[in-house]
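Student: I have a structure here, written as structure tokens, and I will follow up with some questions on it.
Nothing in this text is a laboratory measurement; each read-out follows from the coordinates by a stated rule. Everything numeric here is computed off the predicted structure, so don't read it as measured data. Cβ atoms come from the backbone with ideal geometry, glycine included; neighbour counts cover every protein chain shown.
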Amino acid sequence: MIEDKKVLIICSVDPRLINNGVSAALNTCYRSSIKLFKEVDVYVHNEKKLIISTTNRMQKCEFGDVDLAKYNVFFLSPFNIAFRYLFLYKEIRKSKVYSFLSDVNSYALIRNFVLGLKFNKIFIKYLFKIPIIYFQEKMIDYYSSNIFLQTSKDVKIFNKYYFSKKSIVFPNSPIFNEINISNLNERDGIGWIVSCSKDYFPLTKWVFNNIIVKVLCKDNNIELRVHGRNSHVLKLFIEQKYPNNEFAITFTEDIENISSFYLSNKIIISPVYKGYGLINRTVEAMYYGCIVIGDSKAFNGIKGAINGENCLIAQNNFDFIKKIKNSYYSKELELMSNSATDVIKSELQIKNNIITLKKLI
């Protein structure tokens, strides 16, 4: 353990808890840090609380009351937190600062705008936000010792856009629970983790209309299990567009243990199309041995993802339909299931992140 460095992680939410992509990235940062450094304190911006590592004690306080002089390494995440604290607190800039951005946010806006065009939804607001976000990321790059991003593609994009040499690949690392991953042939159903936010709902609707309906209409024996915050929005859309339908669909919004969702489904569909970042639902589903069917973008950052060996990559919506139907009744996918688990365990171990940090500090 490194004893001469005192670390302060400044983040938006408690990094010990995982409930979305942002918290998964924060959790990876936190677990890597406490394995490497003797003293790692955490300031949670949204809750205005300081977590003291040596005593595991929490105290409510404003950030201005935190003694910054005692720290010589700062980890900032996500993007909005990194910009805010680098902009407001000059004391932080004088130390070693590592910003965990996960995605290249200006590029993400460009891609989301293009995605909107593809799925018949124009988000003009993105065009106005791009130059603002670009300036903010440029400032973060200027004051940070290094920038951490999810995938090698994100690193290439960041270095090209910002003429930078500071960005490093630092992917989310799942918590690999020692569980008994059930035999694939004992599972049934198709799982779909959806996003019904305003930005992504056009894609969700397109996937349902052009892929899911074509599968469910022709086979009443196939059950679809939909999970996601605000998934009731999709349920309402289906009820309005397809009244009196007999689709076998169940919806859940709160699952205490997400592993139970993956372990109950034989197939997980992961239509992403966005082209950046590491897709957590893809990573999780592969780890739990599901047959993951996605577009090529669904496997961003997973170098060992090989179509037909540990996943199924669909070229278009027709290929999605074909792969879902063929996989659902197949009894010969156990090897693919095991291979999916193995590739995630191999590539995304937390020890790889710890080695990356150790080389830099």
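Student: Which residue, Phe201, Tyr85, Ser339, has the largest displacement toward the positive end of the dipole of the chain when charges sit on each Cβ (Lys, Arg +1; Asp, Glu -1)?
Tutor: Of the listed residues, the answer is Tyr85.
Student: Could you check which residue among Ile212, Ile147, Ile267 shows the biggest mean-square fluctuation in a GNM of the chain with a 10 Å Cα cutoff?
Tutor: Ile212
Student: Less than 10 Å Cβ to Cβ from Phe251, Lys/Arg counted +1 and Asp/Glu -1: what total charge do the surrounding residues give?
Tutor: Within the 10 Å Cβ shell, the charges total +1.
Student: Check each of the GluC sites (Glu not before Pro) in the stretch 41-115 and keep only those in coil by DSSP with at most 15 other C-beta atoms within 10 angstrom; list them in order.
Tutor: Glu62
Student: Ok, one more. Residues of the stretch 182-200 with backbone nitrogen within less than 20 Å of a virtual label 7 Å along the Cα-to-Cβ line of Phe247, please, listed as ranges.
Tutor: What the label zone holds, given the 20 Å backbone N cut-off, is 188-200.
Student: A follow-up question, please. On a C-alpha basis, how far is the centre of the stretch 101-132 from the centre of the stretch 300-361 in Å? Whole number, if you could?
Tutor: Value for the Cα centre distance between the two parts: 27 Å.
Student: While we're here: Roughly what angle does helix 124-143 make with the longest principal axis of the chain, taking Cα atoms, 0 to 90 degrees, to the nearest 10?
Tutor: Roughly 40 degrees, rounded to the nearest 10.
Student: Also, quick follow-up: Say we join alpha carbon atoms closer than 10 Å with springs in a Gaussian network model of the chain; which of Pro171, Pro202, Pro131 then has the biggest fluctuation?
Tutor: Pro131
Student: My understanding is that a pair violates if its Cα-Cα distance is over 31 Å; which of Lys235/Lys274; Lys35/Lys266; Lys94/Lys351 do that in this structure?
Tutor: Pairs exceeding 31 Å: Lys35/Lys266.
Student: I've got another one for you. Please check: in the Gaussian network model of the chain (C-alpha springs, under 10 Å), which one of Phe251, Phe299, Phe74 has the largest mean-square fluctuation.
Tutor: Highest fluctuation among the options: Phe251.
Student: Under a Cβ-only charge scheme (Lys and Arg +1, Asp and Glu -1), can you give me the dipole magnitude of the stretch 184-347 about the Cα centre, in debye to the nearest 20?
Tutor: That gives a dipole near 500 debye.
Student: How large is the dipole of the chain about the Cα centre if only Lys and Arg carry +1 and Asp and Glu carry -1, each at its Cβ, rounded to the nearest 20 debye?
Tutor: 1220 debye
Student: Say the dipole of the stretch 224-361 comes from +1 at the beta carbon of Lys and Arg and -1 at that of Asp and Glu; which of Gly308, Leu348, Ile324 then lies farthest toward its positive end?
Tutor: My answer, from the dipole projection, is Leu348.
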